[in-house]
Amino acid sequence: MHIGMVGLGRMGANMSRRLMQAGHAVTAWDVSSDAVQALAAHGATPADSAESMVQHLKAQGGRAVIWLMVPAAVVDDTIAIFEPLLSEGDVLIDGGNSCWQDDIVRGERLEAKGIRYLDIGVSGGVWGMERGYCLMIGGQRDAVDLVQPVFETLAPGVSAAERTPGCSDEPRPAEQGWLHCGDRHGAGHFVKMVHNGIEYGLMAAYAEGLNILAHAGAGRDDRDKDAETSPLRRPEHYQYDFDLADVTEVWRRGSVVASWLLDLTAISLKDDPALEGFGGRVSDSGEGRWTVEAGIDVCAPSPVLAAALYQRFSSRGESTLADKVLSAMRFQFGGHHEKKADA
């Protein structure tokens, strides 16, 4: 199949390479000409504009199938470039991390012009070119059927995980690693949004647990004896020195908390045991927020996901004022002076 790929960052470039390795043709366009030429060196057809991309795709197959892998903040601007160039029967895919509510608006507008729109949540990160990508797809069935060969190539395949007990028939798409989540626009990104919200919670749980292990030797530290320091009641109970890299390694084998996220954590701790290469500032790209908001809208409690999201805010210094207010109140009602951070 011939497809146009717009956005050749970590995901878009690797997805293109996986497709070309399987025999698909890719026409590539990016705001960075260097990124276009780099992918052209692997066999992609370079495009120097949206117009040239659409012309080339239509010349090859009569219709254009264009996959956008751009940040959510520029999806609407990118669609605005392509929308007047596309015609009835063409397919436009947003494979980034857009909000599902935006998909509803975009999909209805494009559908009115006969342009088929698919919203696709893509998980796999920088490892996807080799491991494959988990695809969560929303939009019209006929468009899904048209692009199915691409989905089958990008997905990891049934061998990526042991089959669920009781599954013995021909593997369905979900077992292959791609799923048509529904005909309604936004269905794919809604499922991906919740996927990322869960990811936030899982990551936070590992981080908090490992942090407790890292502090398990607190009983060996000198502790101030003053009104501003909570005493450690049984310091003899906290005399441990755990090797976090080894802990993550043993958890990877036979443990109920084993996962790919744990595998990646083990790699990081092996390479940098003190994680000195990281400052601890954790970004969020929107999906965690939207997951919590959706939970509020439909009265589905999600305290773990909300706490994980708020921790990311705190990691970026967003709780500084709140912390100062707490300190100020303690000073006003009890005359408590702040201790130095290294005290």
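The values are calculated or read from the model by the stated rules, or taken from the named source; none is laboratory data. The model shown is predicted, which means the values in this text are computed figures rather than measured ones. Methodologically, a virtual Cβ is constructed for each residue, glycine included, from the backbone with ideal geometry; neighbour enumeration extends over all protein chains shown. Calculation scope for accessible area: heavy atoms of the full protein, side chains included, ligands and nucleic acids excluded. Shrake-Rupley method; radii C 1.70, N 1.55, O 1.52, S 1.80 Å.
Just to be sure before I move on: is residue 135 surrounded by 14 or more Cβ atoms within 10 Å (Cβ to Cβ), farther than 26 Å from residue 16 by Cβ and in contact with a helix residue (DSSP H, G or I) (Cβ under 6 Å, 6 or more places away or on another chain) in the structure I sent? Criteria not met by residue 135.
Among the conditions (1) more than 20 Å from residue 283 (Cα to Cα); (2) at pLDDT 95 or above, residue 195 misses just one, which is (1). Residues that are touching a residue at least 60 places away in the same chain (Cβ under 8 Å) and not in a helix (DSSP H, G or I) were ranked within the range 274-329; the one that is surrounded by the fewest Cβ atoms within 10 Å (Cβ to Cβ) is 285.
State whether one or more residues within the range 190-204 are among the hydroxyl-bearing types (Ser, Thr, Tyr), out of contact with any Ser or Thr (no Cβ under 6 Å at 6 or more places or on another chain), touching a residue at least 24 places away in the same chain (Cβ under 8 Å) and over 17 Å from residue 1 (Cβ atoms). Yes, some residue in the range 190-204 is among the hydroxyl-bearing types (Ser, Thr, Tyr), out of contact with any Ser or Thr (no Cβ under 6 Å at 6 or more places or on another chain), touching a residue at least 24 places away in the same chain (Cβ under 8 Å) and over 17 Å from residue 1 (Cβ atoms).
For the range 292-343, what are the residues that are of a type in the set (Lys, Arg) and closer than 14 Å to residue 228 by Cβ?
First pass over the range 292-343, keeping only residues of a type in the set (Lys, Arg): 312, 316, 324, 330, 339-340.
Listed by number, the residues that qualify are 330, 339, 340.
Summed over the range 330-343, residues that are part of a loop (DSSP other than H, G, I, E, B) and hydrophobic (A, V, I, L, M, F, W, C) total 2. Pairs linking a residue in the range 85-110 that is over 27 Å from residue 295 (Cβ atoms) to a residue that is of a type in the set (D, E, K, R), with Cβ atoms under 6 Å and 6 or more positions apart or on different chains, are 89/63; 90/63; 91/116.
Hey, could you check the range 223-260 for residues that are hydroxyl-bearing (Ser, Thr, Tyr) and in a loop (DSSP other than H, G, I, E, B) and say which is surrounded by the fewest Cβ atoms within 10 Å (Cβ to Cβ)? Per the stated criteria, the residue is 230.
Every residue, every condition in (1) open to solvent by 70 Å² or more (accessible area, probe 1.4 Å); (2) closer than 30 Å to residue 281 by Cα, yes or no:
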position: 149; (1), (2): no, no
position: 159; (1), (2): yes, no
position: 169; (1), (2): yes, no
position: 174; (1), (2): no, no
position: 184; (1), (2): yes, no
position: 190; (1), (2): yes, yes
position: 205; (1), (2): no, yes
position: 209; (1), (2): no, yes
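The set of residues from the range 208-222 being touching a residue at least 12 places away in the same chain (Cβ under 8 Å) and assigned to a helix (DSSP H, G or I) comprises 210, 213, 214, 218, 219, 220. Residues in the range 27-47 that are farther than 19 Å from residue 79 by Cα and in contact with a helix residue (DSSP H, G or I) (Cβ under 9 Å, 6 or more places away or on another chain): 8 in all. Filter the range 81-102 for residues that are crowded, with 20+ Cβ neighbours inside 10 Å and of a type in the set (Val, Ile, Thr); which is farthest from residue 8 (Cα to Cα)? Restricting to residues being crowded, with 20+ Cβ neighbours inside 10 Å and of a type in the set (Val, Ile, Thr), the top hit is 91.
When the range 59-80 is limited to residues that are small (Gly, Ala, Ser) and modelled with pLDDT of 95 or more, the one that is farthest from residue 13 (Cα to Cα) turns out to be 80.
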